[in-house]
1. Of the peptides 51-60, 168-177, 124-133, how do they stack up when ordered by the mean number of other Cβ atoms within 10 Å, highest first?
2. With a point put 7 Å past each Cα toward its Cβ, work out how far residue 181 is from residue 104 in nm, to one decimal.
3. Quickly work out the residue 173-to-residue 124 label distance, labels modelled 7 Å from Cα along the C-beta direction, and quote it in nm with one decimal.
4. Can you pull the one-decimal nm distance between simple spin-label points at residue 199 and residue 38, each 7 Å off the Cα toward Cβ?
5. Within a 10 angstrom radius of the beta carbon, how do 31, 153 rank from fewest other beta carbons to most?
6. Between residue 79 and residue 49, what is the FRET efficiency for a Förster distance of 25 Å, r being their Cβ-Cβ separation, to the nearest 0.05?
7. Which ordering of 83, 219 is given by a fewest-first count of other beta-carbon atoms within 10 Å?
8. Sort the following peptides by mean Cβ neighbour count (other Cβ atoms within 10 Å, averaged over residues), highest first: 223-229, 112-118.
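The numbers here are math on the coordinates, done by the rules we state, and not lab data. It should be emphasised that the depicted structure is a prediction, and the values quoted were computed from it without experimental measurement. Backbone-built Cβ (ideal geometry, glycine too); neighbour counts: all protein chains shown.
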C-alpha cells in the first residue's frame, strides 16, 4: 500500500481560465485556491522542530467547499515516516480558508489537491504551498493548478457490499473541456476491486466534470489522480453525495 500511496502522491493563484484553443462557447472557470493572509495554509502551518536538513513534500487531497472550507482532507508523504510534517499540515485544516471554485460564476465544491514543501538547510527553513498534485511538474512546472472535479461523485451503490479496508486510486487524463480523455483507470492496493464496483467507478469518471488544469493562465490537459481511502469509519462518508 505504501508504494501505491507514493505513486499516487507523485502523480496561490485564482484566475479566470480561458480554454487554450480560445473556444468562447466553453464554460468559464476559476479554481479553488487557498486565501492569502492570516488564514492561508502557508501562514498557519509551522515548521517541525528538527535539527537536521530536510526536503519533504507532503501531498494532500480533500474538498474545497463552496463556502470556502477545506473538508475531508488526507495527506501522505513517503519522505515523512514519523509523520512530523504530515501532522504539521493536517492540524491546521480546520483553520485554513479557501477561495471557492466557480463554474460560469457559480461557486462549486471541488476535489482539491495541494502540496506543502518543507525545506531546511542549516538555519534556513522554508515552507511553500503548491495548488497541484505534483503529477505534471515535468511538463507544467511546480506552480500549475491541478484539475478539480466538481460533478457529484458519491461512492456507487454497486460498491455498497464491499467494506474491505483499502486504498483505491482513480486516474484520468482531463482535457481542456473538463472531461476525461480516452480510457480512465481504477486500481486497488489489495486483492482487487469487484468488477461491478470497478465498473461503477469507471462509469462515474467517464461522466465526470472537472475544472481543467491551469498553466500560465491557460487551460491544459493534465494527469489527474485521486486516492480514496476506505475503512470502516470512512465508508459511509464516501457514499454521501457532495452538497
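1. Per-residue Cβ counts within 10 Å, averaged per peptide and sorted highest first, yield 168-177, 124-133, 51-60.
2. Distance between the two pseudo-spin positions: 2.4 nm.
3. 3.9
4. Distance between label points: 5.5 nm.
5. Least to most surrounded, the residues fall as 153, 31.
6. 0.90
7. 83, 219
8. Highest-to-lowest ranking by the protection proxy: 112-118, 223-229.
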